[in-house]
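Here the structure comes first, spelled out in structure tokens, and everything after it is commentary.
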Amino acid sequence: MLATQSRLLFQLNQFYNDRVMARNVAITKSIREVCKLVQDVLREVEAQEPRFVSSLADAGGGQYDGLRVLSPTEFEVVLYLNQMGIFNFVDDGTLPGCAVLKLSDGRKRSMSLWVEFITASGYLSARKIRSRFQTLVAAAADKCGGGSVKVVSDATEVRLRVRDRYIVEITPAFRCTGLWPRSAAHWPQPQPTAATATQLPLPSWPSAALVADVKSEGFELLSKESPYALTAGQRDKQTSADGDAWTISFHQVCNCKFSHLCSDSVSIVCRQKGTPTAKSSFPTIRMAEVDFLETLPTETFIFCFSYPDLV
């Protein structure tokens, strides 16, 4: 058993050093290069239009607030907008995965920071904001991009091509904290119980505390076309009101759930085997092998990774 565990540990470490670390270094280098150029463009946008304040900031350690890595050559930057308070969040299910922002009081129209983007019906138009933002980004890229940054003109979203290699999508968005959309009211679904005494006991996940934290964290409203509206047969049916809708995103919520899931999985395995409890997030779980592999059966440890929602 010890020989098997040693071979497994050696192979995991070799894979991490040869593949994972090399990929991380390459992506980190790309991120820094891309973010430097995008930050220059966003600063110029902010100088032209102070309402679009850049929220892309260096958080240290190769991390950037507001940046999402979609692939080694594709990135998304979320630009958080201000002053959503005078609008009501309306989630009536008319367009799946979307919601609208409607003036809470028609008399407050002139008080809004985004008055020229409000439709006659009182809705804050995601499409109008995106169109204005795209114009500003195109002008900023021409001015300070130095030929390294170009706007992708054939896209409905705001996309930049950086050094003819990277694609960066910049998405205006609102943070909605303390709210939870009606379309997601079914979450979390009740968990199945063990049918027999021979099955592994299922811990309560997500816990009530985690559910409260997630719903308090809320979600985001993105100024981008709904994937539902882009499906075959739906684009022709799309109305002007659909273009005013905002896409609901649970990206931050998913990150929170995944982090807690991996951390809880390792902790449960440790407690079951009587070893000291260790809290860990997914990027550092690999280091836990050194502590646990000598005391845990290999099958149990692999089970933790293969079925994290069951341990």
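The values are calculated or read from the model by the stated rules, or taken from the named source; none is laboratory data. These numbers come from a predicted model, not from an experiment. We place every Cβ from the backbone using ideal geometry, glycine too, and count neighbours over all the protein chains shown.
What residue, of Ser54, Ser121, Ser110, is surrounded by fewer than 16 Cβ atoms within 10 Å (Cβ to Cβ) and outside any helix (DSSP H, G or I)?
Ser121
When you go through Pro192, Pro188 one by one, which is the residue that is at pLDDT below 90, surrounded by 11 or more Cβ atoms within 10 Å (Cβ to Cβ), farther than 26 Å from Glu76 by Cβ and not aromatic (Phe, Trp, Tyr)?
Answer to the selection: Pro188.
Which one is nearest to the chain's Cα centre (by Cα), of the residues in the range 215-243 that are of a type in the set (Asp, Glu) and either surrounded by fewer than 18 Cβ atoms within 10 Å (Cβ to Cβ) or modelled with pLDDT under 90 (or both)?
Within the range 215-243, the match that is nearest to the chain's Cα centre (by Cα) is Glu217.
Test each condition in (1) in contact (Cβ under 8 Å) with a residue 40 or more places away in the chain; (2) more than 20 Å from Trp246 (Cβ to Cβ) for Gly61 and report the one that comes out false.
Looking at each condition in turn, Gly61 falls short on (1).
Which of the residues that make up the range 100-136 are closer than 26 Å to Gln48 by Cα, touching a strand residue (DSSP E or B) at 6+ places or on another chain (Cβ under 8 Å) and charged (D, E, K, R)?
Arg109, Arg130, listed by residue number.
Restricting to the range 137-158, what's the tally of residues that are in contact (Cβ under 8 Å) with a residue 60 or more places away in the chain and not in a strand (DSSP E or B)?
Total meeting the criteria: 10.
May I ask you to list the residues in the range 57-80 that are over 19 Å from Ile167 (Cα atoms) and either loosely packed, with under 14 Cβ neighbours inside 10 Å or modelled with pLDDT under 90 (or both)?
Answer for the range 57-80, where residues must be over 19 Å from Ile167 (Cα atoms) and either loosely packed, with under 14 Cβ neighbours inside 10 Å or modelled with pLDDT under 90 (or both): Asp58, Ala59, Gly60, Gly61.
Looking at the range 102-118, is at least one residue under 21 Å from the mean Cα position of the chain (by Cα) and either farther than 16 Å from Phe174 by Cβ or in contact (Cβ under 8 Å) with a residue 60 or more places away in the chain (or both)?
no
Looking at (1) of a type in the set (D, E, K, R); (2) assigned to a loop (DSSP other than H, G, I, E, B); (3) under 20 Å from Ile31 (Cα atoms), can you tell me which one Arg161 breaks?
Against the list (1) of a type in the set (D, E, K, R); (2) assigned to a loop (DSSP other than H, G, I, E, B); (3) under 20 Å from Ile31 (Cα atoms), Arg161 comes up short only on (2).
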